[in-house]
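Scroll down for the structure; my scribbles are underneath it.
The values are calculated or read from the model by the stated rules, or taken from the named source; none is laboratory data. Small disclaimer: the values here were computed from a predicted structure and weren't measured. Backbone-built Cβ (ideal geometry, glycine too); neighbour counts: all protein chains shown.
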Amino acid sequence: MVEVSRSLFDALNKIQTEWVLQQNSQTIGEIKAFQTMILKEVGNEGHTTFLKSDEIKNLALFQPPIMNHDTLRRHRYRPDQELDPQLVKKASEEHQRLVNAYTTYLSLMNQENAERVIKRAAELLYIVRSNIAHGEKTPYGPDLKKKERDEEVCKVVMPLQRLLLNVLLDYPDRQLAVYGTLAPGNMNHKAISDIQGDWEDCTVNGHVYEINGLPFFDWQPRGHSIKAQLFISDILSSSWERLDQFEGSKYKRILIPVTKSNGICIANIYAANHH
């Protein structure tokens, strides 16, 4: 759970870095940049999706409260000692701010409080990112309890990370670029034909080749433009596990830029798994 969550944080950080580079503003701190990116780029529809989601609710109401391990270290927390209740309270301040903002938003449902929830959630996510980056090593020995806490926290954080990535990238979980046998009229189309959705022409950059009669794709940003088809469905995300199993271990599902008639989108594609 922690490793997957760390990878998702890395992805969000790359998006944030690119976003900051495109802004014509002075340098801002990481937390402020993360908050501002979400507020500006998600849009009102995304804000509503975010605020009414089970993902944000589960994070806000998660127990025990998520603690800032930098705060614990600064107060000389030792992993072999019982945590002082006052220290727990101080280390949980960021989480409590999210709880307060979320509770107020549910009562008032206005834009000001909506933005406050997003800011507090971004702040808490940054705390989680920092917590897992530091690992379990302390000056007083390994913190095995922290390892357990990180696992539990990441279970509730990962769905929110995925939601954020979907909202920021215009829901790539609803889109699949197909270059081979899943396309309409081909031999394996039946694996996807029961999912309601629309198809349109698109292109992807890379290289397609065959091994034992099956096509494989390697994404290359400056590679050849390859004709493909883009499948778009609001319910596609519920079928990923089944489709992943169908494709098997020789393929891995990745996100890539896809060019279609009205511009570029981010979509899933099954690429060759070289590992």
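Tell me, yes or no, whether region 256-267 has at least one residue that is closer than 17 Å to Asp173 by Cα, surrounded by fewer than 16 Cβ atoms within 10 Å (Cβ to Cβ) and in contact with a Phe, Trp or Tyr (Cβ under 8 Å, 6 or more places away or on another chain). The answer is no, given that none of the residues of region 256-267 is closer than 17 Å to Asp173 by Cα, surrounded by fewer than 16 Cβ atoms within 10 Å (Cβ to Cβ) and in contact with a Phe, Trp or Tyr (Cβ under 8 Å, 6 or more places away or on another chain). Under the condition of being of a type outside the set (Val, Ile, Thr), over 25 Å from Asp198 (Cβ atoms) and assigned to a strand (DSSP E or B), the residues counted in region 209-251 number 6.
Yes or no, residue by residue, for (1) among the charged types (D, E, K, R); (2) touching a residue at least 24 places away in the same chain (Cβ under 8 Å):
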{"position": "Asp10", "(1), (2)": "yes, no"}
{"position": "Gly29", "(1), (2)": "no, no"}
{"position": "Lys40", "(1), (2)": "yes, no"}
{"position": "Gly43", "(1), (2)": "no, no"}
{"position": "Ser53", "(1), (2)": "no, yes"}
{"position": "Asn58", "(1), (2)": "no, yes"}
{"position": "Leu72", "(1), (2)": "no, no"}
{"position": "Glu82", "(1), (2)": "yes, no"}
{"position": "Pro85", "(1), (2)": "no, no"}
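For region 235-251, name all the residues that are modelled with pLDDT of 95 or more, under 17 Å from Arg174 (Cα atoms) and in contact with a helix residue (DSSP H, G or I) (Cβ under 9 Å, 6 or more places away or on another chain). Listed by number, the residues that qualify are Ile235, Leu236, Trp240, Arg242, Leu243. Only residues that are in contact with a helix residue (DSSP H, G or I) (Cβ under 9 Å, 6 or more places away or on another chain) and of a type in the set (Asp, Glu) were counted in region 177-229, giving 1. In region 191-203, the residues that are of a type in the set (Ser, Thr, Tyr) reach residues that are in a strand (DSSP E or B) with C-beta atoms within less than 7 angstrom, at least six apart or across chains, in these pairs: Thr203/Ser225; Thr203/Ile226; Thr203/Lys227; Thr203/Ala228; Thr203/Thr259.
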